[in-house]
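Enquirer: There's a structure below that I have some questions on.
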Amino acid sequence: MRLTCPLCGERDRREFYYCGAEDYLHRPAEGAPLAEWDNYLHLRDNPAGVTKDLWYHEAGCSQWLMVTRNTVTHEISAVELVAERKA
Amino acid sequence: MRYSGLKVITEGLFGNKGWTPAWRDPAPKAEYDVIIIGGGGHGLSTAYYLAKNHGITNVAVLEKGYLGSGNIGRNTTIVRANYFLPGNSEFYSHSMKLWEGLEADLNYNVMHSQRGLINLFHSDGQRDAFVRRGNAMINQGDDAILLDRDGVREHLPYLDFDNTRFPIYGGLLHPRGGSARHDAVAWGYARGADQRGVDLIQNCEVTGIDIENGVVRGVQTTRGAIRAKKVGIVVAGRSSQVAAMAGMRLPIESHILQAFVTEGLKPVINHVISFGMGHFYISQSDKGGLVFGGDLDFYASYAARGNLPMVEHVMEAGMTLMPMIGRAKVLRSWGGIMDMSPDGSPVIDKTHVDGLFIDCGWNYGGFKAVPASGWCMAHLMATGEPHEVARKFRLDRFATGHLLDEEGTGSQHNLH
Ligand SMILES: Cc1cc2nc3c(=O)[nH]c(=O)nc-3n(C[C@H](O)[C@H](O)[C@H](O)COP(=O)(O)OP(=O)(O)OC[C@H]3O[C@@H](n4cnc5c(N)ncnc54)[C@H](O)[C@@H]3O)c2cc1C
Ligand SMILES: [Zn+2]
C-alpha cells in the first residue's frame, strides 16, 4: 500500500503510523456525559467499504492525514491534511 | 455413525464404501428456538453445547459461506492457557480443560497436540514479567516452568541465542500448550451439533435482524425470513456489520492478520515457539509445514489479504530468531479478518434487544477459546445468566471502565 501525502507525494505505507477511524477528530466537550466519551474512544462504525481514517506521516512531514479509502479493496480515493480540514 | 479405529480398518477392507456425510444439508425451517448467526468455530461450538448441555436442539446455524470458511480455517492453531488477569485466566483455563477432553467428547480427531509452548524473554525486566505470569498460571491451576538460557537451549538448540538486539535470556514453558487441526475443530463441532438435531445451513447470509418492541423475532436471510425466539451473533470479523442490523455500534475495529506456511519438511520444531519481541511465532504442522506468523497489518481492513511490509517483517524476525529456516520455501500466505476490541479481550453478553446475544472481540486469540466460548455463550443464551468463567466479558465494560487489558498497553483501538 502507498499513500500520496499532499506535502511529500507518493510514499510507502511504512512511513506512516495508523491511528484509527476519524472519530478521533470529534472529541466531546469537557464535562460531556460518559456515554459520549465511550462513543468517541471505543465505539466504531467499522465499515466494510469506504472509510475515513487518520494516518500520521511519521517518516515524512509529521502531518496528520485524513485518508478516504475502501477497506475491502484497499483503494485510496483521497488524502487530505487534517490541519486544513474545514470544521 | 461412530468413528473408531475398527471402523477405519473395516472400511479400508471394503473399499471405503460405507462412509456417510458427516452432517445433513437441510433447508431452513420457518422457525427455530435459537438461531446462531455464523458457522465458524464459536458459532458451531455454541450450537453444540446448546444441544448437549442444555437440551436445546431446535437450533439453526446460519453461515453465509461454507462451514469453516472464516477465521476458524485460517488461524495458526495455538492453544494455550497462559493469561493472568482475573476474568481471562479462569476462562482460558476452562477452555484448556475442554480441549483435553474434546476428542473423546466429539468422537472426532481434532489432532490436539500438547507439545508445549515456549515464550522467549530477552531482558531481566521481561524475565520478571514472565515469572509473574507463570505464577498466575500456576495459581489458576495450570502449568508453567521458567527456563533459563540453558534450559531453553535443551529444548530449542537451533535458536540464535546471542542475537545482538534480542539475546535469549530464557523462556516460559507452558507444557500443556500446543496446537490442534483448525478445520477438524470446526468439522467435529459441526458433526456433533448435527447429530443432536441442529440444522447447519450454509450459503445463507443474514441480511437483517427483525426486532419488535425491543424483542428479537428472527432474521432476514438470502434464503428467506426465519423466525426465532433467540438469536446469537457469532460472526467474528463481521461483527460490526451484523450488529448494525440491530442498531448497535460496537467497540470493534476489523483488522487483517496474516500467516504463512512452508513446504513440508522433516520434523524439526517440536514446540510452539513465541518470540514476542520480534512479533513472530512458529510451529510445525503434522504434515511438516512450518506454520508461522506475526502481528496485524495495523489498519482497518476486510480484504482477507495483507500487505508486503508485514510479510517482510515476519520473514526478518524469523531469520533473526532461527537462521536455520532460511532455506525453507514459503508455499502460501493468507489473511483473516480479526474482530479487534480496544482492550484486546472478548465480549460474551446480552444486548439491548431482548433475546439477542453477542459473542465477539476475539482479536487474534479466538481459536483456543472455541470450546469455552461456545460453552459460555450457550449457557448465557439458555439460562439468561453469564457463565461463571465469562462474567467479565461484558459489552458495557468500556463505558464503565472495567477493562481487561491483558497486555497492559491501554484501551485504544490501535494498541492491540
Ligand atoms: C492468521 C491468523 C492466525 C491466528 N492464530 C491464532 C492462534 O494461533 N491461536 C488462537 O487462539 N487464535 C488465532 N487466531 C484467531 C482465531 O482464528 C479467531 O479469533 C477465531 O477463529 C474467530 O472465531 P470464529 O472461529 O467463530 O470465526 P470465523 O471462522 O471467522 O466465523 C465467523 C463466521 O461468520 C460468518 N458470517 C459473517 N457474516 C455473516 C452473515 N451476515 N450471515 C451469516 N454468516 C456470517 C462468516 O462467513 C464466518 O464463517 C488467528 C487468526 C488468524 C486470521
Ligand atoms: Zn508528508
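Just so it is clear, none of the values below were taken in a lab; they were calculated from the coordinates. Remember, it's a predicted structure, so these values are computed and weren't measured experimentally. Because the Cβ atoms are built from the backbone with ideal geometry, glycine has one as well, and the counts that use them run over all protein chains shown.
Enquirer: Take the Cα of B:TYR158, step 7 Å along the line toward its Cβ, and report every residue of the range B:102-132 whose backbone nitrogen sits under 20 Å from that point.
Expert: Counting only backbone N, you get B:113-121.
Enquirer: Taking the Cα centre of the protein assembly as shown as the origin, how large is its charge dipole in debye, to the nearest 20, when only Lys and Arg (+1) and Asp and Glu (-1) carry charge on their Cβ atoms? Working shown, then result.
Expert: On the way: 50 positive and 56 negative charges, 273 e Å.
Here the size comes out at about 1320 debye.
Enquirer: Using a Förster radius of 35 Å, what is the FRET efficiency between B:GLU103 and B:ALA129 based on their Cβ-Cβ separation? Nearest 0.05, please.
Expert: Numbers: r = 34 Å, r/R0 = 0.98.
Efficiency, from the Cβ-Cβ distance: 0.55.
Enquirer: Go through B:404-416, B:357-369, B:48-60, B:322-334 and give me the packing order, highest mean Cβ count within 10 Å leading.
Expert: For the peptides B:404-416, B:357-369, B:48-60, B:322-334, the packing ranking is B:357-369, B:48-60, B:404-416, B:322-334.
Enquirer: Can you pull the one-decimal nm distance between simple spin-label points at B:ALA30 and B:GLN220, each 7 Å off the Cα toward Cβ?
Expert: 2.0
Enquirer: Additional query: Could you tell me how many cubic angstrom of Cα convex hull volume the range B:1-58 has per residue?
Expert: Working: hull volume 7.0 nm³, N = 58.
Taking the convex hull of the Cα positions in the range B:1-58, it is 121 Å³ per residue.
Enquirer: A follow-up question, please. Mind pulling the per residue volume of the convex hull built on the Cα atoms of the range B:190-308? Å³ is fine.
Expert: Values: hull volume 21.4 nm³, N = 119.
Taking only Cα atoms, the range B:190-308 has a hull volume of 180 Å³ per residue.
Enquirer: Once the Cβ-Cβ distance between A:GLU22 and B:GLU212 is put in as r, and R0 is 45 Å, what FRET efficiency do you end up with, to the nearest 0.05? Could you put the intermediate results ahead of the total?
Expert: Numbers: r = 35 Å, r/R0 = 0.77.
After rounding to 0.05, the efficiency reads 0.85.
Enquirer: For chain A, can you list the cysteines whose C-beta has no other cysteine C-beta under 4.7 Å from it?
Expert: Here A:CYS19, A:CYS61 come out as lacking a disulfide-compatible partner, given the Cβ-Cβ threshold of under 4.7 Å.
Enquirer: Rounded, prolate or oblate, given the Cα gyration tensor of the range B:86-165, with a/c below 1.5 counting as rounded? Could you put the intermediate results ahead of the total?
Expert: On the way: a/c = 3.24, a/b = 1.59, b/c = 2.04.
Taking the square roots of the gyration eigenvalues as a ≥ b ≥ c, the range B:86-165 is oblate.
Enquirer: Residues of the range B:301-321 with the amide nitrogen closer than 20 Å to a label point 7 Å from the Cα of A:GLU75, along Cα-to-Cβ, please.
Expert: B:301-307
Enquirer: Ok, one more. For a quick check: sort A:THR51, A:THR73, B:THR20 by the number of other beta carbons within 10 angstrom, fewest at the front.
Expert: The order, fewest Cβ neighbours first, is B:THR20, A:THR73, A:THR51.
Enquirer: When a/c reaches 1.5 or more, the comparison of a/b and b/c decides; with that in mind, is the range B:332-416 rounded, prolate or oblate per its Cα gyration tensor? Let's see the in-between values first.
Expert: Numbers: a/c = 1.94, a/b = 1.30, b/c = 1.49.
Since a/c reaches 1.5 but b/c is at least a/b, the shape of the range B:332-416 is classed as oblate.
Enquirer: Quote the FRET efficiency, to the nearest 0.05, computed for B:GLU263 versus A:LEU34 with a Förster distance R0 of 35 Å and r equal to the Cβ-Cβ distance. The partial results should precede the final answer.
Expert: Numbers: r = 54 Å, r/R0 = 1.54.
Result of the calculation: an efficiency of 0.05.
Enquirer: Could you tell me which of B:SER113, B:HIS155, B:GLY87 has its Cα farthest along the dipole of the range B:78-183 towards the positive end, charges placed at Cβ (Lys, Arg +1; Asp, Glu -1), taken about the Cα centre?
Expert: B:GLY87
Enquirer: A follow-up question, please. Which whole number gives the average count of other chain Cβ atoms within 10 Å of the Cβ atoms across peptide B:391-400?
Expert: Values: counts 0, 0, 0, 0, 0, 1, 1, 6, 8, 2.
Average neighbour count from other chains, rounded to a whole number: 2.
Enquirer: With a Cα-only, solvent-free Debye model of chain A, what are the log10 I(q)/I(0) values at q = 0.12, 0.26 Å⁻¹?
Expert: Each listed q corresponds, in turn, to -0.39, -1.30.
Enquirer: Also: Where the only charges are on Cβ atoms (+1 Lys, Arg; -1 Asp, Glu), what is the dipole of chain A about its Cα centre, to the nearest 20 debye? Please report the intermediate quantities before stating the final value.
Expert: On the way: 10 positive and 14 negative charges, 45 e Å.
Charge dipole, chain A, about its Cα centre: 220 debye, nearest 20.
Enquirer: Can I ask one more? Give me the Kirkwood hydrodynamic radius of the range B:1-138, using the inverse of the mean 1/r over all pairs of distinct Cα atoms, in Å to one decimal. It would help to have the intermediate numbers written out before the result.
Expert: On the way: mean 1/r = 0.0534 Å⁻¹.
For the range B:1-138, the Kirkwood estimate is 18.7 Å.
Enquirer: Testing the spin-label approximation: label points 7 Å from Cα along Cα→Cβ at B:LYS229 and B:ASN139. State their distance in nm.
Expert: 4.2
Enquirer: Mind giving me the nanometre distance, one decimal, between the label points for B:GLU312 and B:ALA244, set 7 Å out from Cα along Cα→Cβ?
Expert: Going from the B:GLU312 label point to the B:ALA244 one covers 3.3 nm.
Enquirer: Give me the inter-chain shielding for B:299-309: mean count of other chain Cβ atoms within 10 Å, whole number please.
Expert: Working: counts 13, 11, 9, 10, 6, 1, 1, 2, 5, 4, 4.
Average per residue, whole number: 6.
Enquirer: List the residues, sorted by chain then number, that are 5 or more residues from B:ALA300 or on another chain and whose placed amide H is less than 5 Å from its amide H.
Expert: It is none; the list stays empty.
Enquirer: For A:GLU84 and A:THR68 in the same chain, what is the full-extension length gain: residue separation times 0.36 nm, less their Cα-Cα distance, in nm? Could the numbers behind the result be given before it?
Expert: Numbers: separation 16, 0.36 × 16 = 5.76 nm, distance 1.51 nm.
Extending this stretch completely gives an extra 4.2 nm.
Enquirer: Can you list the lysines whose alpha carbon is less than 29 Å from that of B:LYS350, not counting same-chain residues fewer than 8 positions off?
Expert: Partners within reach: B:LYS29, B:LYS52, B:LYS64, B:LYS97, B:LYS229, B:LYS230, B:LYS368, B:LYS392.
Enquirer: With +1 on each Lys and Arg Cβ and -1 on each Asp and Glu Cβ, how big is the dipole of the range B:1-144 about its Cα centre, in debye rounded to the nearest 20?
Expert: Working: 14 positive and 13 negative charges, 60 e Å.
That gives the range B:1-144 a dipole magnitude of about 280 debye.
Enquirer: Can you report the principal axis dimensions of the protein assembly as shown using only the alpha carbons, biggest first, rounded to whole angstrom?
Expert: The Cα atoms of the protein assembly as shown stretch 67, 62, 44 Å along their principal axes.
Enquirer: What are the semi-axes of the equivalent ellipsoid for chain B, taken as the square roots of 5 times the Cα gyration tensor eigenvalues, largest first, in whole Å? If you can, show how the numbers build up before the last one.
Expert: Values: eigenvalues 250, 133, 79 Å².
Working from the Cα gyration tensor, I get semi-axes of 35, 26, 20 Å.
Enquirer: With a 10 Å radius around each residue's Cβ, average the other Cβ atoms per peptide and rank B:29-35, A:17-23, highest first. Before the final figure, lay out the partial values.
Expert: Details: B:29-35: 18.7, A:17-23: 17.1.
Highest mean packing first, the order is B:29-35, A:17-23.
Enquirer: Tell me, what is the percent relative contact order of the range B:275-416, built from C-alpha pairs under 8 Å that lie six or more residues apart? Provide the component values of the computation, followed by the final result.
Expert: Values: 164 pairs, mean separation 29.0, N = 142.
Rounded, it is 20 percent for the range B:275-416.
Enquirer: At a 10 angstrom cut-off on C-beta neighbours, averaged per residue, how do the peptides B:382-389, B:91-98 rank from highest to lowest? The partial results should precede the final answer.
Expert: Working: B:382-389: 14.5, B:91-98: 21.5.
In decreasing order of mean packing, B:382-389, B:91-98 become B:91-98, B:382-389.
Enquirer: Moving on to the next point. What is chain B's relative contact order, in percent, from Cα pairs under 8 angstrom and six or more apart in sequence? Walk me through the numbers on the way to the answer.
Expert: Numbers: 943 pairs, mean separation 90.3, N = 416.
So the answer I get is 22 percent.
Enquirer: For chain B, set up a GNM with springs between Cα atoms under 10 Å and report which of B:LEU117, B:LEU156, B:LEU13 has the largest fluctuation.
Expert: Answer for the Gaussian network model of chain B: B:LEU13.
Enquirer: Which part of the range B:92-112 falls in the paramagnetic zone of B:ALA22, meaning amide N under 19 Å from the point 7 Å along Cα-to-beta-carbon?
Expert: What the label zone holds, given the 19 Å backbone N cut-off, is B:99-112.
Enquirer: Taking the dipole about the Cα centre of the protein assembly as shown, with the C-beta of Lys and Arg at +1 and of Asp and Glu at -1, give me whichever of B:TYR32, B:MET248, B:SER373 is farthest to the positive side.
Expert: Positive-end residue among those listed: B:TYR32.
Enquirer: Considering every residue in A:34-45, what mean count of other chain Cβ atoms within 10 Å of its Cβ is obtained? Walk me through the numbers on the way to the answer.
Expert: Numbers: counts 3, 1, 0, 2, 6, 4, 0, 7, 15, 9, 11, 6.
Taking the mean over all residues of the peptide, I get 5.
Enquirer: Take every Cα pair under 8 Å in chain A that's 6+ residues apart, average their separations, divide by the length, and report that relative contact order as a whole percent.
Expert: Numbers: 139 pairs, mean separation 24.2, N = 87.
Here the relative contact order equals 28 percent.
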